[in-house]
1. If we scan the range 73-88, do we find a residue that is under 15 Å from residue 42 (Cα atoms) and assigned by TED's automatic domain parsing to the domain that holds residue 199?
2. So residue 141 fits all but one of (1) crowded, with 21+ Cβ neighbours inside 10 Å; (2) under 15 Å from the mean Cα position of the chain (by Cα); (3) closer than 25 Å to residue 13 by Cβ; what number is the exception?
3. If we scan the range 41-63, do we find a residue that is over 22 Å from residue 96 (Cβ atoms), in contact with a helix residue (DSSP H, G or I) (Cβ under 8 Å, 6 or more places away or on another chain) and not in a strand (DSSP E or B)?
4. Any idea how many residues of the range 70-103 are free of Cβ contacts under 8 Å to residues at least 60 places away in the same chain and either in a strand (DSSP E or B) or more than 21 Å from residue 204 (Cα to Cα) (or both)?
5. Yes or no: the range 3-24 includes at least one residue that is surrounded by 14 or more Cβ atoms within 10 Å (Cβ to Cβ), part of a loop (DSSP other than H, G, I, E, B) and in the same structural domain as residue 196 (by TED's automatic domain parsing).
6. Looking at (1) out of contact with any strand residue (DSSP E or B) (no Cβ under 7 Å at 6 or more places or on another chain); (2) surrounded by fewer than 16 Cβ atoms within 10 Å (Cβ to Cβ), which is the only condition residue 65 fails?
7. Inside the range 100-134, can you point out the residues that are out of contact with any strand residue (DSSP E or B) (no Cβ under 8 Å at 6 or more places or on another chain), buried (at least 17 other Cβ atoms within 10 Å of the Cβ) and either within 24 Å of residue 51 (Cβ to Cβ) or at pLDDT 95 or above (or both)?
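The values are calculated or read from the model by the stated rules, or taken from the named source; none is laboratory data. Worth saying up front: this structure is predicted, and the values here are computed from it rather than measured. Please note: Cβ atoms are built from the backbone with ideal geometry, for glycine as well, and neighbour counts cover all protein chains shown.
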């Protein structure tokens, strides 16, 4: 996503946990695209981190024209067995950071009557997620939250776009300890560059919502007409570990 902005000569503020990796990527973008890049290392599991990022951006006198909320993690396993502290961290990352960044920067955008926000949700927010219950729940929040604040600001020139990818070939599944899931081990994964392109183009066009990939569009459409219980049962079967004895 950052590369797409840089290619179109947007200056960047990029945020992640690893300062060394951020600095490396910042130098790459500066040299390749001639843009200004401000790397800020923060851990979004911490409640105060988004506020600290906002304060640092303000202190540097930077105006954010396009905000991309795209940090997210999950945890694989039955809810009764998973680590509640990790789940609370995930809720802070997937929901708390989104709400904080959006609150801070949306107020400025509305005040000047211009700006764009991209909220990276997931088709998981449209589907029940056995073995990923907290992750799917957080994404349902993101989609609902996005729709609500979009309605509140429909009479402004600020656009708020939701991007809903499906299974994408990123490090998400390693972090979630779910590489053994049938959905990941046996299913196809989308190219993250294509997912980013779908979201970027939708953001610039000011669209309300984009489901990335035709298979994901079909899955979401089917879930709207199939009873919830059957959808949940099917998702459970897809999420179960691969039987290595077969």
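1. no
2. Only one criterion is unmet by residue 141, namely (1).
3. yes
4. 22
5. no
6. (1) is the only condition that residue 65 fails.
7. The answer is 100, 104, 134.
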